[in-house]
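Enquirer: One structure, as structure tokens, below. Some questions next.
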Amino acid sequence: MRTIDNGIEEVIVAGLSLVVGAGLMLAPWYFGFMGEAKATWNAWICGSAVAVFALLAIMQTFDLEEYIIAIVGVWTVAAPWLLDFKDITAARWTHVGFGLALLILAGIELWRLHASPRAHSA
């Protein structure tokens, strides 16, 4: 397991992940797909998981947290098709957008965990 001594960059990326997770939790209300039960529950569960792991990453970043956020991102992108969301526009593209944002943020952090001289094995 790799970790990094959190600097401002890690706190910012983890904070952005926290914002994306919170946004995903609020998305059913904001984008109006509360009537789509599968999409709503998926957004709440995935957003909550990201928020928890992003909070942990703000304190100390480990690669395991970032891998979990990346997996949640992949699931969030694929969920509209795997769970067969009925709402083809709002719920589907909200999940795809938030999932891609999570993948990008986790990818940045994972790259830093393996390329930064401040990163080390835990």
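Enquirer: Name the residues in the range 74-85 that are in contact with a Gly (Cβ under 9 Å, 6 or more places away or on another chain) and in contact (Cβ under 8 Å) with a residue 24 or more places away in the chain, would you?
Expert: V74, W75, T76, V77, A79
Enquirer: Pick from the range 99-120 the residues that are touching a strand residue (DSSP E or B) at 6+ places or on another chain (Cβ under 6 Å) and farther than 15 Å from V13 by Cα: which of them is modelled with the lowest pLDDT?
Expert: Top of the filtered list is A119.
Enquirer: Filtering the range 71-98 down to residues that are within 16 Å of I45 (Cα to Cα) and over 17 Å from the mean Cα position of the chain (by Cα), which residue is modelled with the lowest pLDDT?
Expert: So, considering only residues that are within 16 Å of I45 (Cα to Cα) and over 17 Å from the mean Cα position of the chain (by Cα), the one modelled with the lowest pLDDT is F85.
Enquirer: Filter the range 44-73 for residues that are charged (D, E, K, R) and free of Cβ contacts under 8 Å to residues at least 60 places away in the same chain and give the result.
Expert: Within the range 44-73, E65, E66 qualify.
The values are calculated or read from the model by the stated rules, or taken from the named source; none is laboratory data. Quantities reported herein were computed from a predicted structural model and do not represent experimental measurements. In this analysis, Cβ positions are derived from the backbone assuming ideal geometry, glycine residues included, and neighbour counts consider all displayed protein chains.
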